[in-house]
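Notes follow once the structure below has been shown.
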Amino acid sequence: MSTKAIKRERAPFQAWLQKESTAGLVFSLPFIVGFLMFMAIPMGLSLYYSFCKYDIQTAPQWIGLDNYVKIFTNDKIFSKALGVTCYFALVGTPLKVIFALIVALILNHKSKAIGLYRAVYYLPSIIGGSVAVAILWRRIFESNGTLNAILSTVFPGMAGYNWFSEGPAIWVLIILTVWQFGSSMLIFLSSLKQIPRELYEAADVDGATKFHQFWTVTLPLLTPTIFFNLVQQTINSFLAFTQSKLITNGAPRNSTLFYTVYQYNKAFPSAGKSQMGYASALAWIMLLIVSLVTILLFWTRKKWVYDG
Amino acid sequence: MKKLLSVLLAAMMLLAVVSAYAELKVGTYDPASAGNVELRFGWWGNQKRDAVTLEALNFFTENYPNVTFNPNAQNWSNYWALMSTYASNNDLPDIMQQDYAYLQQWVEAGDLLDLTPYVESGALDVSGLSDSILKSGMVGDGLYALCAGVNAPSLLYNKTLTDSLDITVPDNMTWDEFEEISRKIYAARGIGVAYGEGNSENPLTYYARGLGYNALWDANGVIPTAEEMAGYYERLVKCVAEGWMFDTDEQANVSTTGDLNMHPLVFGKTDDVRTWCAFAFSNQLAAFQAAATADGIELGITAWPSANPQASNYMKPGQFFSVTTDTKNPDLAVAFLNYLINDPQGNIKLQAERGVPANSAMAVEIADELNKLDATYGTAAAYLAIVAENSSPIFPPLPAYAGTANDEVIKYLSDEMLAPKPGMTAEEAGAYFVENVNDLAANY
Amino acid sequence: MSRMTSKKIKTVVFHVLVAFGGLIMIYPLLWMALSSFKPTDQVLPTSGQLIPAQWTLDNYVNGWKGFMGYTFGTFFLNSFFISFTATFGTLVSSAFVAFALQRLKFKGKKLLFTLVLSTMMLPAQILMIPQFMWYRHLNWVGTYYPMILPYFFAIQGFFVYLIMNFIGGIPKDLDESAKIDGCTYYGTFFRIILPLIVPALVTSAIFSFIWRWDDYLSALLYVNRANMRPVALALQLFSDPSSGSDIGSTLAMSTLSIVPATIIFLIFQKSLVEGIATTGIKG
């Protein structure tokens, strides 16, 4: 009798648990809890700070829209840093993704040495922002450095060319970010593995060339991954920090000053009071910009991404 | 009679050094009476500073096993980010290293303990510190910091180079003499001068003091006139136009991103990416010399050039130690501070790595020991002795807006005026400087 | 020319080109590793030459000594502990959430996805202060909790989105047929999806491990004892701009610090080569 009752009671709960809408929430639960616990509160606080004058050491003071007004009307460096960052993101990201795709296709081979090759092409991304990279990158690009030594054998005019001067300097950082394409490459490689082999076999039967196969099978099936890498790398480039901080620190004349570095310098200046409120306002403006760019990307998604 | 006395004194001092093991100079409070406590101590620095500081801490705990330390060392930028975070939570370490540029702002935020009562009660012995050094740790009537080591602005130069060109770099040279030497070296070897250090207020302060003012700015704003400030920028534009001073592009090509090991004075493959001097501070001599030795360069040290070097130059507290208001054991913290400042054994362990000890009698007492540990110590100390005779009292602690002015005004103008094509005229720069700094001062 | 020789030539050309490109890619790493065996004052002056003229282990001996009385041995153990646990948490939680967002229909899904993406867009440097305030409220300062626990709640949108993308590549028929066989959504996830997203999990594990390993900002704020420091934070102490840096020791310890990630990569990349994903997808 009693067991029956329990069973009857359990059944609706079981049924409820098995419903798709419930399962969806159950599986999402970690994120829902995590977001509320660890993200929502800090994000709310930072939004609040963006309307305050806040030096960290003393309590925040509400000043309304002052920070935002100052950013848009009386901050030359803001627009400069934003311009530099947009250039870096819009030029660097496509280059990096294309490069990662090409290398992934090349390394998607069966060969004994392939593991080693992959490691070799991936490892540069591991050392990302280390001091070693900072030192070496300067040694390569300085006016009497390795790059000019090689270039000047072909173009004598390049001897002594100053890559760190205003203009080319940002390219030094773009090349660095393209060089560290490893994470995108890895994502491409693992999704290349996902493409069912029989699709290729079918194409083989049809007598398609390798090139044709690439256009009709590989590329369409990769478009979701290309899209993913594009979104992720675009966001990443807008938030890029270490390249600028370590290698140029914004020089010359802020022409390589990334937005986040500017923001960091406001939050934690090397001398003087923190302007955490101002920095938070900068962060929220960036969040808005990145969101817009991401929405734009998602809007184009329907047009070129293959949905299985 | 006098001679006898000094011999006697020396013997007594020696005795004091020998017997110091038994009794550390901690003032009137006995750390042993504190019970089992932990002191937190924060500082910025590198591995060397870490090692010497740790030795001094260990020596203290050997004598007072009831005290343990929780040291927290970070590099400069991480240090300030961390400390301001701690401050926001009233969780600062008991003792923290401080910097002259930050002192005013930290006192205003109420984070540092006024040490005056401890001086009055005898718990803190400051008798070894000169008046001007002691004053440098004061804000208003309160004493908030004690000098950890004395410093002075120093022009470090490539003595091997100047010797080879038969150029003597005079002590206390004027800016005109400096230009003359720079032009000569540039003509002979194409080696220039990097003025990128101009991104801080130090050279501007030095310039203002050369004009006869005590400081660059105070709570109300800029002290020199706009015309006088224009003179500073006019000078930069002229020197860049003459070719020997690096413009922003050339500066970026040798940019050190702050690391002195890669400063063009001590590093660079060819002459066009090298400089003959660096605008530095005397406690950096050891590190610069270490970096220069690989290239076989011997460094010289002299004052920064100025229209009037005696008026411009100053003895600067290199770093400070402060007790914070978050400490739960102020008496013990003060006793430990007393040890850091006055104890000869402790200071031998510290190896004058933070600068020549501020307690000058003690500095003399342990000079031989320090010389043994670091060959450049003698050079730096000798230079400081010259500065002591040829300088004016230091400017008051920087106004709280100084850091922001640094980032927003000085760096901007230095970028504009050192550019290959200056972004504005010197007059405009002078006016911009005064207007914007005054604006900051009014609205801070 | 016979087919065989042209194929052979192709293989040789492939290897030569890939190896050459690889050499360019790896050069900075080689430079770092080899320079760490030069005497520290020779690293910069001889930065043009790769092979040390004079080999020494001084940098390793000196660097290993570490800071504040603790050697790098301690720091490495700390880093391992933090990186492994946080990575484990990230993988488990992100896979769950990704499955829900990619495969299940439920109310608020769009909003959740937007929030997942938004977590990728706020830079860590800005969130760190408000986060600190909150974690202090939870009494977590001075512990490893802030560096581990949040990762058990899929707070890194990147991983959720990455795994979603992979689940999207698995044919839907598989879920459908599992459902017809009487599998619940939970069963589908554990029995069908989970085995198929191993490459994605491996990729995520590599990324997460490296990111946790390199993260010094949170360690800076939350670790307040010298013996709790991870490697990334300790490495920062070698270079202080105003007091000079020990470049040799920096390079030596940096070299050691990438060894674990390299080994993990070499072990796990095999599962990428073998392509576990293709084995079940015939259905």
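Regarding A:K273, is this residue among the basic types (K, R), farther than 30 Å from A:R197 by Cα, crowded, with 17+ Cβ neighbours inside 10 Å and out of contact with any Leu (no Cβ under 8 Å at 6 or more places or on another chain)? It would help to see each step written out before you state the result.
Values: among the basic types (K, R): yes; farther than 30 Å from A:R197 by Cα: yes; crowded, with 17+ Cβ neighbours inside 10 Å: yes; out of contact with any Leu (no Cβ under 8 Å at 6 or more places or on another chain): yes.
Considered against the rule, which asks whether it is among the basic types (K, R), farther than 30 Å from A:R197 by Cα, crowded, with 17+ Cβ neighbours inside 10 Å and out of contact with any Leu (no Cβ under 8 Å at 6 or more places or on another chain), A:K273 comes out as yes.
State which residue is surrounded by the fewest Cβ atoms within 10 Å (Cβ to Cβ) when the search covers only the stretch B:31-67 and only residues that are of a type in the set (A, V, I, L, M) and touching a residue at least 60 places away in the same chain (Cβ under 8 Å).
B:V37
How many residues are of a type in the set (S, T, Y), assigned to a helix (DSSP H, G or I) and facing another protein chain (nearest Cβ under 7 Å) if we restrict to the stretch A:115-157?
3
Among the residues of the stretch B:133-146, which ones are outside any strand (DSSP E or B) and buried (at least 17 other Cβ atoms within 10 Å of the Cβ)?
Scanning the stretch B:133-146 gives B:I133, B:L134, B:S136, B:G137, B:Y144, B:A145.
Could you list all residues from the stretch C:117-132 that are modelled with pLDDT under 85, assigned to a helix (DSSP H, G or I) and within 7 Å of another protein chain (Cβ to nearest Cβ)?
Of everything in the stretch C:117-132, those that are modelled with pLDDT under 85, assigned to a helix (DSSP H, G or I) and within 7 Å of another protein chain (Cβ to nearest Cβ) turn out to be C:Q125, C:I126, C:L127, C:I129.
Does B:I133 qualify as being touching a strand residue (DSSP E or B) at 6+ places or on another chain (Cβ under 8 Å) and within 27 Å of B:D272 (Cα to Cα)?
Taking the combined requirement at face value, the residue does not satisfy it.
Mind checking which residues of the stretch B:94-133 are in contact (Cβ under 8 Å) with a residue 60 or more places away in the chain and at the interface with another protein chain (Cβ under 9 Å from one of its Cβ atoms)?
B:D99, B:A101, B:Y102, B:Q105, B:W106, B:E108, B:G110, B:D111
Could you go through the stretch A:102-120 and let me know if any residue there is touching a Leu at 6+ places or on another chain (Cβ under 7 Å), buried (at least 22 other Cβ atoms within 10 Å of the Cβ) and within 22 Å of A:I235 (Cα to Cα).
yes
Inspect all residues belonging to the stretch B:280-295 and state whether any of them is more than 14 Å from chain C (Cβ to nearest Cβ) and either of a type in the set (A, V, I, L, M, F, W, C) or crowded, with 24+ Cβ neighbours inside 10 Å (or both).
no
Output the number of the condition that A:L221 fails; it satisfies all remaining conditions of (1) over 28 Å from C:D214 (Cα atoms); (2) among the hydrophobic types (A, V, I, L, M, F, W, C); (3) surrounded by 20 or more Cβ atoms within 10 Å (Cβ to Cβ).
(3)
Has the stretch B:62-81 got at least one residue that is at pLDDT 90 or above, farther than 23 Å from B:Y144 by Cβ and part of a helix (DSSP H, G or I)?
Taking every residue of the stretch B:62-81 in turn, at least one turns out to be at pLDDT 90 or above, farther than 23 Å from B:Y144 by Cβ and part of a helix (DSSP H, G or I).
Go through the stretch A:250-308 and report how many residues are among the hydroxyl-bearing types (S, T, Y) and outside any loop (DSSP other than H, G, I, E, B). Steps first, answer last, please.
Going residue by residue through the stretch A:250-308, those that are among the hydroxyl-bearing types (S, T, Y) are A:255-256, A:259-260, A:262, A:264, A:270, A:274, A:278, A:280, A:291, A:294, A:300, A:306.
Still in the running and outside any loop (DSSP other than H, G, I, E, B): A:259-260, A:262, A:264, A:278, A:280, A:291, A:294, A:300.
Number of matching residues: 9.
Suppose the filter is at the interface with chain A (Cβ under 7 Å from one of its Cβ atoms), surrounded by fewer than 18 Cβ atoms within 10 Å (Cβ to Cβ) and charged (D, E, K, R); does C:K105 pass it?
For C:K105, the condition - at the interface with chain A (Cβ under 7 Å from one of its Cβ atoms), surrounded by fewer than 18 Cβ atoms within 10 Å (Cβ to Cβ) and charged (D, E, K, R) - is met.
State which residue is farthest from the other protein chains (Cβ to nearest Cβ) when the search covers only the stretch A:241-264 and only residues that are surrounded by fewer than 22 Cβ atoms within 10 Å (Cβ to Cβ) and under 15 Å from the mean Cα position of the chain (by Cα).
A:T242
Considering only the stretch A:63-76, I want to know if a residue exists there that is farther than 17 Å from A:Q263 by Cα and either within 14 Å of chain C (Cβ to nearest Cβ) or in contact (Cβ under 8 Å) with a residue 24 or more places away in the chain (or both).
Yes.
Being part of a helix (DSSP H, G or I) and β-branched (V, I, T) is the filter; apply it to the stretch B:223-258 and report the residue that is farthest from the other protein chains (Cβ to nearest Cβ).
B:V237
Residues to consider are B:A188, B:A280, B:A291; find the one that is modelled with pLDDT under 90 and of a type outside the set (S, T, N, Q).
B:A291
If I go through the stretch A:77-114 residue by residue, how many of them are of a type in the set (S, T, N, Q) and either at pLDDT 95 or above or part of a helix (DSSP H, G or I) (or both)?
Count: 3.
Could you list all residues from the stretch B:318-337 that are assigned to a strand (DSSP E or B) and in contact with a helix residue (DSSP H, G or I) (Cβ under 6 Å, 6 or more places away or on another chain)?
B:G318, B:F321, B:V323
Being free of Cβ contacts under 8 Å to residues at least 24 places away in the same chain, within 14 Å of another protein chain (Cβ to nearest Cβ) and of a type outside the set (K, R) is true for just one of A:A81, A:A23, A:A100, A:A89. Which residue is that?
That would be A:A23, the only listed residue that is free of Cβ contacts under 8 Å to residues at least 24 places away in the same chain, within 14 Å of another protein chain (Cβ to nearest Cβ) and of a type outside the set (K, R).
Restricting attention to helices (runs of 4 or more DSSP H) lying wholly within the stretch C:186-283, give those where 3 or more residues are modelled with pLDDT under 85 and either under 18 Å from the mean Cα position of the chain (by Cα) or away from chain B (no Cβ under 14 Å) (or both). Give the derivation first.
Values: elements: C:198-214, C:217-222, C:231-236, C:247-274.
In the stretch C:186-283, C:247-274 are the helices (runs of 4 or more DSSP H) which contain 3 or more residues that are modelled with pLDDT under 85 and either under 18 Å from the mean Cα position of the chain (by Cα) or away from chain B (no Cβ under 14 Å) (or both).
From the set of residues in the stretch B:389-436 that are of a type in the set (V, I, T) and in a loop (DSSP other than H, G, I, E, B), which is modelled with the lowest pLDDT?
Step by step, filter the stretch B:389-436, then rank; the result is B:I394.
Kindly indicate whether C:G73 is more than 10 Å from chain A (Cβ to nearest Cβ), in a helix (DSSP H, G or I) and of a type in the set (G, A, S).
So C:G73 passes the test.
Search the stretch C:18-52 for residues being among the small types (G, A, S) and either assigned by TED's automatic domain parsing to the domain that holds C:S257 or in a helix (DSSP H, G or I) (or both), and hand back the single one that is surrounded by the fewest Cβ atoms within 10 Å (Cβ to Cβ). Spell out the reasoning first.
Taking the stretch C:18-52 as the starting set, the residues that turn out to be among the small types (G, A, S) are C:19, C:21-22, C:33, C:35-36, C:47-48.
When the remaining residues are screened for being either assigned by TED's automatic domain parsing to the domain that holds C:S257 or in a helix (DSSP H, G or I) (or both), the result is C:19, C:21-22, C:33, C:35.
Working: C:A19: 13, C:G21: 15, C:G22: 20, C:A33: 19, C:S35: 27.
Restricting to residues being among the small types (G, A, S) and either assigned by TED's automatic domain parsing to the domain that holds C:S257 or in a helix (DSSP H, G or I) (or both), the top hit is C:A19.
Six or more apart or on different chains, Cβ under 8 Å: which pairs go from a residue in the stretch C:24-35 that's facing chain A (nearest Cβ under 7 Å) to one that's among the hydroxyl-bearing types (S, T, Y)? Could you list them?
As it stands, the answer is C:M25/A:Y121; C:W31/C:S47; C:M32/A:S130; C:M32/C:S254; C:M32/C:T255, since those pairs meet every condition given.
Report every pair of residues separated by at least 6 positions or lying on different chains whose Cβ atoms are under 6 Å apart, first residue within the stretch C:104-123 and free of Cβ contacts under 8 Å to residues at least 12 places away in the same chain, second assigned to a loop (DSSP other than H, G, I, E, B).
These pairs meet every condition: C:P123/A:L239.
Filter the stretch B:355-375 down to the residues that are crowded, with 19+ Cβ neighbours inside 10 Å and not hydrophobic (A, V, I, L, M, F, W, C), then identify the one that is farthest from B:Q97 (Cα to Cα).
Here the answer is B:E365.
Tell me which residues, restricted to the stretch B:147-195, are part of a loop (DSSP other than H, G, I, E, B) and in contact (Cβ under 8 Å) with a residue 60 or more places away in the chain.
Listed by number, the residues that qualify are B:A152, B:V169, B:P170, B:D171, B:N172, B:M173, B:T174, B:G190, B:I191, B:A194, B:Y195.
The values are calculated or read from the model by the stated rules, or taken from the named source; none is laboratory data. Not measured: the values here are computed from a predicted model. So basically every Cβ, Gly included, is an ideal-geometry build from the backbone, and we count neighbours across all protein chains shown.
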